[in-house]
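Just below is one structure, and these are the notes that go with it.
The values are calculated or read from the model by the stated rules, or taken from the named source; none is laboratory data. The structure presented is a predicted model; accordingly, all values stated were derived computationally and were not measured. Glycine gets a Cβ as well: all are built from the backbone with ideal geometry, and neighbour counts include every protein chain shown. With ligands, DNA and RNA removed, areas are computed over all heavy atoms of the protein, side chains included. Shrake-Rupley method; radii C 1.70, N 1.55, O 1.52, S 1.80 Å.
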Amino acid sequence: MARKGHLRHLESLEKSPETPLKPYLMMERDEMIRYIEFLLAEKDEQKRAREAADARAAEDRKAREAADARVMELLVRIDRMGAEHQEQLRKLEDTIENLTSALRLGRKNRFATTSQKSRPSSCKKEVPSRDEEREDFDGTGIPATADSAAVVEETTSAAPANPDRPYRKGMKYDTMKADRVILHKSDRSQLPEGAVVIRSYTRRYSYDEIVEFVEHDVEVLVYKTADGKLVTAYLPYKEDNACLGETSRFPGTHATSGLLSHIAFDRYQMSTPLYRELTRFMNHDMHISDGTLSNWLMKGGSYLKELIPHLKDAALVRDSFVNCDETWCRVRRQGGYSKKYIWCLVNKAARIVIFVYDDGSRGRKVLRDILEDREISALQSDAYNVYMFIDNELENVTHLCCMAHARAKFKEALEQGKDERARLFVDSIGELYGYEDEYRRSGLSPDEIRRRRNDSRTADVMVRMSTELGRLLNDADAHLGDMMRKALNYLHNYWRQLFAYRQDGRYTIDNNMAERNIRPLTVERKNCMFHGSDMTAKLSALYHTFISTCTLMGISAQKYFKMFFSAIIEGRRDYANLLPMTIGIN
């Protein structure tokens, strides 16, 4: 019956357009339970699907966030790498610029002048070329009149001799002079018959140099006296002035004072290597070994070294001002060569130069041994750290640094480093040198020089330099090359020592006095290449001491050596009276 009822219901639904009823209304209990379980299962499945989708979405979101973080990290890394690359690029550009500057500096030092002299740019004048002078010439120059000679004489007259530079004596051409003049008179017997001499005059016709080696052989007599004694003696003729004999031979050698002084002059003042000196000897048929020449020079040096304490006492008197520097030399050692140093001490006021070789050391002990406990007023040097103990330990000694070194560093930064900011310092230091030249030419007293060094002109220059120095060093954005930075640091670190020259009119603005006297050692180093031992290096320093002192005094070193060696041959040992300033050379 129920089945028929369902069928009728279904048929009525087919025929009726009405919306069918919900299916569970017609279900039985069991069907409804299964239907509910089906719906619950489907809901659970949908929930699981949503949870899985949410999990996948969360994972996708985390992946996106991780990807975004990775992308940000990569972007930051790229930016950092870009900055690092920019910094590396800048460093490479700086390195290239510094290497280029060093190359330009090397080429300048090798092929161009090494002079550091400079003037402010405002003082520089353009020098026209010959073509420009010829094109600009309009015939209105110096008139060819009688007064033109006076004009030329006025414009070409030499500057007066500088009394502060006696070492320049004889370096300026005046007229030809010889050591000895031989007058060749005319033979009047050859005059024609009846000729009358109206006047006679002397004509300097030619000059000759006579170089020869003379061997003096001495006849020694062995005779027996009336009382039976045997005597061996040399009995010279009173009129035999040409024969020098035993009394003129320097102790321990076969050389006279003249020959020994000439060898010392050639070896050290002319920087002639011994092998070249031997060549000169052999060209005059004089055959001798280089060892013999070295031994002769050492014999002479053994007496010269006795003068050093007296020379040092004169150079380091109380309240004196000295210049000091050192230079290197090459000394042969077993298995090779070593780089050693020779020190130079100059007292310009006393006109004394002393060279010291202390086993080639460049340490502080050498300077201490040189100064000892002398109460000098000031010492000027470069900025080598050995000299810095003067500031810390010697309270009564003023330490000055060299302004020429500061100027050289800024000039290198300007010319080789192409940094125009260095021009202000170059021009400012040039102004200071201009003032010093003005004081020197005016012949001012030390007190007046000190007063002018502390006037407003010098103060303005110092303020200008100090202001620019502080601005460049404190500017973090200032792009400074190596040369410019070194120059600024040098000026900043040694500002007080560089301007200490203003404290006394006797002080100098630079250390050129010591630098100038070291040049002969540089020439010797280039000509002779090396010293054979520490002994020969010490011997070189000894001879150069007296050569440079004689040069500073304006006297002949060769003449001094001859007088000194002659005095030793005569038996004199009063060394205080045998110094260049006391031996009696005018």
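Results, tabulated for the structure shown:
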| item | result |
| --- | --- |
| Qualifying GluC sites (Glu not before Pro) in the stretch 384-489, DSSP loop, other Cβ atoms within 10 Å at most 16 | Glu395 |
| Unit charges on C-beta of K, R, D, E only; dipole of the stretch 485-586, Debye | 320 |
| Cross-link pairs beyond the 29 Å C-alpha cut-off, checked among Lys339/Lys365; Lys305/Lys348; Lys339/Lys418; Lys224/Lys562; Lys339/Lys559 | Lys339/Lys418; Lys224/Lys562; Lys339/Lys559 |
| More than 17 angstrom apart: percent of Cα pairs within the stretch 381-447 | 59 |
| Spread of Cα-to-Cα distances over 10 Å intervals beginning at zero, given as percent, for the stretch 336-446 | 11, 30, 31, 24, 4, 0 |
| Qualifying chymotrypsin sites (Phe, Trp or Tyr not before Pro) in the stretch 305-402, DSSP loop, other Cβ atoms within 10 Å at most 14 | Tyr384 |
| Evaluated at q = 0.14, 0.21 Å⁻¹: base-10 log I(q)/I(0), Debye formula over Cα of the stretch 318-394 | -0.49, -0.97 |
| 1.4 Å probe accessible area per residue over the stretch 496-586, in Å² | 40 |
| Ordering of 458-467, 257-266 by packing [mean C-beta count within 10 Å, highest first] | 257-266, 458-467 |
| Inter-centroid distance (Cα atoms) of the stretch 464-502 relative to the stretch 415-452, Å | 17 |
| Distant alpha-carbon pairs in the stretch 253-403 (separation over 23 angstrom), percent | 50 |
| C-alpha center-to-center spacing [the stretch 307-329, the stretch 246-298] in angstrom | 29 |
| Dipole in debye (nearest 20) - the stretch 475-533, about Cα centre, beta carbon charges: Lys, Arg +1; Asp, Glu -1 | 300 |
| Positive-end extreme of charge dipole, the stretch 330-474 - chosen from Gly434, Tyr337, Gly363 (charges on Cβ) | Tyr337 |
| Computed lengthening from Ala349 to Glu209, 0.36 nm per intervening residue step minus Cα-Cα distance | 46.7 nm |
